[in-house]
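Okay, so here's the structure we're looking at.
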Amino acid sequence: MKSFMENVKISQAILLIALVPILVAALHVFKDTSTKAEEMRAREAEEVATRQRRTDAMEVAINECEKAVMIIVDTVTSAATELESSAESMT
């Protein structure tokens with residue numbers, strides 16, 4: 001007949017054998033969750049970078065538009081000044 005300690009050791013071994021598939025499944029879930037989280041972080045970082053590129057492009061377009069408007073305003077102002085000068089010289 002087996003001693004009490006031998007029975008305890010056998011019970012522990014059976015328990016460990018029963019726990020192995022559970023631990024393996026838990027590790028797979030942890031790994032999958034970790035992988036999905038990393039993929040989500042990478043997608044989010046790419047979205048942030050894309051938004052920043054759009055923002056930078058819009059700022060460049062706005063600055064170029066402002067420059068073009070300033071050139072037009074300067075041209076119109078200069079033409080108006082010349083026209084006024086011409087009109088004054090005719091009177």
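Values quoted throughout were computed directly from the atomic coordinates according to the rules given, and no laboratory measurement underlies them. Quick caveat: nothing in here was measured; it's all calculated off a predicted structure. All Cβ positions, even for glycine, are placed from backbone atoms using ideal geometry, and neighbour counts span all protein chains on display.
Gyration tensor analysis over the Cα atoms of the stretch 1-80 returns equivalent ellipsoid semi-axes of 76, 7, 4 Å (largest first, whole Å). Against the main long axis of the alpha-carbon atoms of the chain, helix 4-90 sits at an angle near 0°. Remark: the S89-E46 segment gains 9.1 nm on full extension, using 0.36 nm per residue and subtracting the alpha carbon distance. Overall size of the stretch 9-53 from C-alpha positions, given as principal axis extents largest first: 64, 11, 5 Å.
FRET efficiency for A13 and A37, Cβ-Cβ distance as r, R0 = 35 Å, nearest 0.05? Mind dumping the intermediate values first?
Details: r = 36 Å, r/R0 = 1.02.
Step by step, r from the Cβ atoms, then E = 0.45.
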